[in-house]
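Just below is one structure, and these are the notes that go with it.
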């Protein structure tokens, strides 16, 4: 769809540069009860990276892999599926349905229905409360915000400075989520969430996968046991996981037009730092992302940032260093927590702050001050949809000790639960809670295993709400479900506390 507003209109109360999920939320929260007007400026698809090239397509690809894995591990079903494989064409077709065939018409209709206008083009700041938009035909249009401008320009995948790697035109996250052909052999560079999830679905779709990671374990930002169990799951599925090595050089003699999701050329050879070499049909780079700050006009409002540096914001998401309190930044651009749900959380704060400031309301009450506690204190939830799944929130044990907390931990083997035993014959999983002994509250939780994604929110409520341990005893879990892990963890904690005094006396 083209521009969705009067082409001669130039002024709104709020201009949002970037129409991803966070940008949509910021526009909605700023206008829904305030009577203000808003416009979203988007150069690609309204809905953004998560809707079309990240969260949604990746989960559409991972779900069939999970279902087949569970089915192969359930008596009564396993014999039917033992020699069966995924219907690749059907999986990719459903992925296309999930991403609406890269058509954002429904998202635009939602915006217009919510009273939010949409302008197509690349937006950049041009001084105070001004945005210049270059439309797809190259025409320039200048917009003015009466109240606020919100920046939601997201992030871009990093490509390490490895000789030959850029010239080989490797796949990035967009290619691997929107693949239209499955390469026979794939090298995945990285050990984080994108690398682990991509390796899971590529292997499930039939590719021979090699994961190359310079670190000693996968998923370094969560508890060590989580990365260990995910690595074991990948290896069991046939993925070759290599630690403590990285690409030293990449060569590809034939390179094709790099259309998204198609193999970008002939064989690619990845020479590793340990002297080995891996030959594949495609290479996937999943080594992190950087905020999209280049070319968005920050210099016109007095901000001089290093390339890829996050935009500095305060706890109301107002950009610091810009006078007047009219400029906001949200999502990956801030570098605070590169997760869609956290970007949307920031957007709700920013939108509510904009509306409150316009109405002359104070900002010292929640939800306007909530952002600092959740992000700065590490109370950020995340689910990693590997096999097994990982759900985590808050601080790891190591992070809690680094902060000087009086740390107490408790763990439990989730395979011991009746609720997990009925999920599959051979359940592999573990749970861990990190507590601050001085306040007797939970500061972190990690769950690994089939179905643990839905445990993450209960842990988030306990961590963010700072629910005292004595209260958690009265939060009764349903039986037989994986949520009974909470009871078993508390029982283990209580047993450990009962034995500690005796142990100290001996």
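Odds and ends about this structure:
- Estimated D of the chain in µm² per second, where Rh is the Kirkwood radius over Cα pairs and Stokes-Einstein applies at 10 °C, 1.306 mPa s: 64 µm²/s
- Extension gain (nm, one decimal) between residue 415 and residue 454, 0.36 nm per residue minus Cα-Cα: 12.4 nm
- Each distinct pair of alpha carbons in the stretch 166-287 adds a 1/r term; the inverse of their mean, the Kirkwood radius, is 14.2 Å.
- The packing ranking, built from the mean of other Cβ atoms within 10 Å per residue, places the peptides 393-400, 489-496 in the order 393-400, 489-496, highest first.
- Cα coordinate range in the stretch 409-506, projected on the principal axes (Å, largest first): 43, 33, 20
- Subtracting the Cα-Cα distance of residue 236 and residue 496 from their residue separation scaled by 0.36 nm leaves 90.2 nm.
- Note: relative contact order over the stretch 166-287, using C-alpha pairs below 8 Å and six or more positions apart, is 36 percent.
- Put simply, when 405-411, 133-139 are sorted by average Cβ atoms within 10 angstrom per residue, most first, you get 405-411, 133-139.
- Estimated FRET transfer efficiency (residue 305, residue 142; beta-carbon r; R0 30 Å; 0.05): 0.80
- Paramagnetic label zone (point 7 Å from Cα along Cα-to-C-beta, residue 243; backbone N under 18 Å) in the stretch 199-231: 210-231
- Calculated FRET efficiency for the pair residue 221/residue 314, C-beta based, R₀ 25 Å, to 0.05: 0.50
- Estimated [θ] at 222 nm from DSSP helical runs (n ≥ 4, -39500 (n - 2.57)) normalised by residues in the chain, nearest 500: -9000 deg cm²/dmol
- Label separation (residue 6 vs residue 359): 2.7 nm, computed from points 7 Å beyond Cα along the C-beta direction.
- Each Cα pair under 8 Å and six or more residues apart adds its sequence gap; the mean of these over the residue count of the stretch 388-497 is a relative contact order of 32 percent.
- The stretch 58-99: mean projected area of Cα convex hull, nm²: 2.9 nm²
- For the pair residue 422 and residue 440, label points projected 7 Å from Cα toward Cβ lie 3.4 nm apart.
FYI, it's all coordinate maths here, none of it is from the lab. Just so we're clear, the structure is a prediction, and the values are computed from it rather than from any experiment. All Cβ positions, glycine included, derive from the backbone under ideal geometry; neighbour counts span all protein chains shown.
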